[in-house]
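Let me begin by presenting the structure, written as structure tokens, before commenting on it.
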Amino acid sequence: MEPMFLQQVERAVGGGGYSELIQLLRGNGSAIPQILHLFAFKPQATDYLARFTHEVMRGPSPLSPALRELIAAFTSTENQCPF
């Protein structure tokens, strides 16, 4: 994956679950979604975004979670954003 525009955020060592997930992904040689760096850098500020996203993608809806994921993946592809 391309480096972030805010490389200080990507290089920062944060705490909590998102930092642990980043370390696990690095250890496995897996790609790290860039949003995880932001979540690890400012967990108190991004907690709301994480809860909002979870509710939108997994909460009650006439659309199944699978269909919502498909819509998100299609939208990301149209925006040339890796998903």
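Values in this text are rule-based calculations from the coordinates and carry no lab data. Note that this is a predicted model, so its numbers are computed, not measured. With ideal geometry, Cβ positions are generated from the backbone for all residues, glycine too; neighbour counts draw on all protein chains shown.
Observations
- Added length on full extension, which subtracts the Cα-Cα distance from 0.36 nm per residue, SER64 to SER76: 2.5 nm
- Dimensionless Rg ratio for segment 7-78, taking C-alpha atoms and the 2.2 N^0.38 Å reference: 1.27
- Per-residue ellipticity at 222 nm from helix content only, as computed over the chain with -39500 (n - 2.57) for each DSSP H run of at least four residues, stands at -20000 deg cm²/dmol.
- Going from the fewest other Cβ atoms within 10 Å to the most, the residues HIS37, HIS54 appear in the order HIS54, HIS37.
- With neighbour counts taken as other beta-carbon atoms within 10 Å, the residues SER19, SER76 rank, fewest first, as SER76, SER19.
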